[in-house]
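Reviewing the structure listed below.
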Amino acid sequence: MTIHEHYPLQRLTTFDTAATARRYLRLDREVEPLLASGLLDSDYLILGGGSNIVFTRDYPGTVIQLAPNSKIKIQNSKLITGAGLQLDALVDHCVDRGLGGGIENLSAIPGTVGGAVVQNAGAYGVETGEFVDRVDALDLHERRRVTLSRQECRFAYRTSLFKEQPGRYLILEVHLRFATEYAPVLKYKALADELQRRGITSPTQRQMRDLITSIRWAKLPRPEEHGSAGSFFKNPVVDRDTYLRLRDAYPDMPEAHPTPPDNNSTFKIQNSELSYKLSAGWLIDRAGWKGRTLGRAGVWPRQALVLYNTGGCTGQDLLALAQAIQADVLNKFHVQLTPEAILI
C-alpha cells in the first residue's frame with residue numbers, strides 16, 4: 001500500500017481540470033490494510049474511473065482508488081467482476097459471450113464497473129442496477145466486509161445507497177445476473193429509427209453494441225479530445241401540473257411519459273401519483289446555452305446536456321457555467337436542474 005503526497009489528479013478524471021490531493025492511495029490486491037492505516041480517520045474520497053467527478057479545488061484529504069482489475073469469472077450462471085474493471089470492457093465481454101440482453105445499451109460509457117454501480121449509470125432505457133445481483137464491499141465506517149443485495153443497494157434514477165452515503169462503502173466486486181434469452185431494448189426511438197435506416201429488423205447483440213457506440217460518439221466529445229463528464233445534469237422529474245404547463249407553453253417539447261414515484265428517490269410528488277421526466281438537454285438548448293461558452297467551459301454543440309473543457313478549463317470555470325445554466329433554466333421554465341456529475 002503506497003501513499004503519494006500532493007498527488008496531481010488531472011489525469012485521473014475525464015474532465016481534465018487541474019487539482020491536487022493532499023494524499024493519494026492506490027489499492028492493488030490487498031484492501032484490508034486500509035482499515036488499519038489511520039487514513040479513514042480524516043477526510044478521504046473514493047475515486048472510480050473519474051468520469052463523473054469534477055474537482056473544483058484541491059482536495060485536502062486522501063483520494064483512494066482501486067487499481068484496474070480485468071478479472072471476470074462466471075459462477076452459478078452469474079458473472080462476477082472486480083469493481084476496477086472498465087464498464088465498456090465488461091459490456092464487450094458480455095456481448096462476446098451472448099450475456100445480458102440490454103447491457104449493450106451501456107456501451108461506450110467511460111468509467112469503472114464500481115463507479116457505474118454507485119451512479120446507477122444508464123443509457124438508452126437501461127440502468128446498471130438492473131443487472132446487479134449483489135455487491136461485495138468494504139464498509140469503511142464499520143471496518144468490515146459486507147455483501148449487499150440488489151434491493152439493499154437502493155438503486156434509483158442516477159443514484160444508489162453508495163451515492164447517498166458517500167465514503168462509507170468501497171465496492172470490491174459486483175455480481176451480475178442476466179436474462180436467459182436475448183431481446184434488444186429499443187425504448188429509445190433513435191435506436192429503432194437507426195435500425196430501420198440500416199435495414200436491420202432483428203438486430204444481434206453485437207449489432208446493437210456497434211450501433212449504440214456509433215450513436216454516442218456521433219454526438220458526444222471523446223475524452224481523449226475534449227475533457228467532459230458526459231451528461232452533466234439529471235433529467236428533472238416534475239409533477240403532472242408542471243409537465244402540462246410546459247407542454248402547453250412549448251408544443252415542441254419532447255414528450256414525457258408518466259412513471260410511478262420512485263420510493264428510493266428524494267424527490268417527492270406533491271400533486272400527483274405520477275411523475276414526468278423532462279429532457280434536461282432540451283431545457284438547456286431552449287434556454288439558449290447549446291454551443292455557448294463561459295470562460296473556458298462550454299456546452300457541447302451537438303448535445304446540450306454535456307459540458308466540456310474547451311482548453312485549460314478549471315473547476316471554478318465549470319462551476320460558474322453550471323450555475324449560470326441552472327439559473328437561466330429556473331428563470332425560464334421554473335424547473336430546477338440538478339447535477340448528475342459529482343462536484344468536489
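The values are calculated or read from the model by the stated rules, or taken from the named source; none is laboratory data. In this text the structure is predicted, and so the values were computed from the model without any measurement. Every residue, glycine as well, gets a Cβ built from its backbone with ideal geometry; the counts of neighbours run over all protein chains shown.
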(message) Quick check on my filter: what residues within segment 45-61 are buried (at least 20 other Cβ atoms within 10 Å of the Cβ) and touching a Ser or Thr at 6+ places or on another chain (Cβ under 7 Å)?
(response) G48, G49, G50, S51, I53, V54, F55
(request) Look through D210, D252, D239 and report the one residue that is of a type in the set (D, E, K, R) and in contact with a Lys or Arg (Cβ under 9 Å, 6 or more places away or on another chain). (result) D252
(message) Condition (residue is without any contact (Cβ under 8 Å) to a residue 40 or more places away in the chain and not hydroxyl-bearing (S, T, Y)) applied to segment 12-19: is it met by at least one residue?
(response) no
(request) Could you tell me which of the residues I109, I80 is of a type outside the set (G, A, S) and part of a strand (DSSP E or B)? (result) I80
(message) Which of the numbered conditions does E5 fail, given that it passes all the others? Conditions: (1) within 26 Å of E224 (Cβ to Cβ); (2) out of contact with any Ser or Thr (no Cβ under 9 Å at 6 or more places or on another chain).
(response) (1)
(message) Could you check segment 115-131 and list, in sequence order, the residues that are surrounded by fewer than 23 Cβ atoms within 10 Å (Cβ to Cβ) and either among the aliphatic types (A, V, I, L, M) or more than 9 Å from the chain's Cα centre (by Cα) (or both)?
(response) A123, Y124, G125, V126, E127, G129, E130
(request) For segment 24-61, enumerate the residues that are out of contact with any Gly (no Cβ under 9 Å at 6 or more places or on another chain), free of Cβ contacts under 8 Å to residues at least 40 places away in the same chain and assigned to a loop (DSSP other than H, G, I, E, B). (result) D28, R29, E30, S37, G38, D58
(request) Mind checking which strands (runs of 3 or more DSSP E) fall wholly inside segment 164-265 and carry at least 2 residues that are of a type outside the set (A, V, I, L, M, F, W, C)? (result) 169-176, 228-231
(message) Here is a list: A304, A297. Which entry is at pLDDT 95 or above and under 18 Å from the mean Cα position of the chain (by Cα)?
(response) A304
(message) Of the conditions (1) buried (at least 17 other Cβ atoms within 10 Å of the Cβ); (2) outside any loop (DSSP other than H, G, I, E, B); (3) at pLDDT below 95, A21 satisfies every one except a single condition; which number is it?
(response) (3)
(request) Just give me the residues in segment 320-334 being crowded, with 18+ Cβ neighbours inside 10 Å and among the hydrophobic types (A, V, I, L, M, F, W, C), in sequence order. (result) L321, A322, I325, V329, F333
